[in-house]
Amino acid sequence: MAEHDSDREDREPEEKGVPLDEEAAWAAIVAGYGEEPADPPGAGPFRSIEDLALPDPEPAGGKGDETKIEPPKPLGGSISFAPGVGPRDYTAPEPSEDDFDEDDEGHFVPPEPPPLPTADTTAKFAWLGMIGGPVLLLLAVLLGWDMTWWLTTLGVGGFLGGCATLVVRMKTDDDGDDPGRGAVV
C-alpha cells in the first residue's frame, strides 16, 4: 500500500501539469467546515416529506403576481372504481352453441378421474411413523418434556422406519419399451 501511494504521488502532479498543494486543499476543507454547499443550478428549495403535497411556495416576485395556484395533487396515482365495479368483478358471458363455427369442436370436458387407491395397513403405519415421529419430537421440545430414551427412539425410529418402509414398497415400472422415458441409446 505504501509503495502504491508513493508511486501515485510521483505521477499525479506531472499528469495534471499543476503541482498538488495539499496544505491549501486541507485549509479549504477546514475553512468550509459546517457551511452548507450551494444548491446546483435549477434546484428548488428543500421541502420536507409532509409538505410535498402542498403547492409550491410563492414566486420571488411576491403576491403581486396574478398566477393561479392549482390545488395540490395527491402523491402517486391510482384508479378508483365504485364498489362492485372493477376488473375483479367482471364475469365472462356464458358460451352458447351459436358461438362455435363448423371448425370448432365444442367445449372439452375432461373425464372423471379414477378414485384414489386404498392404502393398506402397512402403508398407513409407515406414513404415521414418518410424519408422527418428527411431530412427537417437536411437541416434546415445545412442551418441555424430558427427552427420555424411549421418546427419542420412538421419534427417530418411527421416522427412519416409516421412510425405509415407504421406499422399499415403492412400485417400479421397468417396462423396457415405454416410449415416455425418452431416447434409449
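The values are calculated or read from the model by the stated rules, or taken from the named source; none is laboratory data. The shown structure was predicted, so the numbers you read here are calculated from the model rather than taken from an experiment. Neighbour counts run over all protein chains shown; Cβ positions are idealised from the backbone, glycine included. Areas reflect the complete protein model, heavy atoms only, side chains present, ligands, DNA and RNA absent. Shrake-Rupley method; radii C 1.70, N 1.55, O 1.52, S 1.80 Å.
Yes/no per residue for (1) open to solvent by less than 100 Å² (accessible area, probe 1.4 Å); (2) modelled with pLDDT of 85 or more; (3) out of contact with any helix residue (DSSP H, G or I) (no Cβ under 6 Å at 6 or more places or on another chain); (4) not in a helix (DSSP H, G or I):
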| residue | (1), (2), (3), (4) |
| --- | --- |
| GLY34 | yes, yes, yes, yes |
| ALA43 | yes, no, yes, yes |
| PHE46 | no, no, yes, yes |
| LEU54 | yes, no, yes, yes |
| GLY61 | yes, no, yes, yes |
| GLY77 | yes, no, yes, yes |
| PHE81 | no, no, yes, yes |
| VAL85 | yes, no, yes, yes |
| ALA92 | yes, no, yes, yes |
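Can you find, within the stretch 126-144, the residue that is farthest from LEU154 (Cα to Cα) among those that are crowded, with 16+ Cβ neighbours inside 10 Å and in contact (Cβ under 8 Å) with a residue 24 or more places away in the chain?
Step one: list which residues in the stretch 126-144 are crowded, with 16+ Cβ neighbours inside 10 Å, which gives 126, 129-130, 132-133, 136-137, 140.
Next cut, in contact (Cβ under 8 Å) with a residue 24 or more places away in the chain only: 126, 129-130, 132-133.
Numbers: ALA126: 13, GLY129: 9, MET130: 11, GLY132: 9, GLY133: 7 Å.
If we take residues in the stretch 126-144 being crowded, with 16+ Cβ neighbours inside 10 Å and in contact (Cβ under 8 Å) with a residue 24 or more places away in the chain, then ALA126 is farthest from LEU154 (Cα to Cα).
Could you list, in sequence order, the residues of the stretch 95-125 that are of a type in the set (A, V, I, L, M) and either at pLDDT 95 or above or part of a loop (DSSP other than H, G, I, E, B) (or both)? It would help to see each step written out before you state the result.
Here is the first cut: in the stretch 95-125, the residues of a type in the set (A, V, I, L, M) are 109, 116, 119, 123.
VAL109, LEU116, ALA119, listed by residue number.
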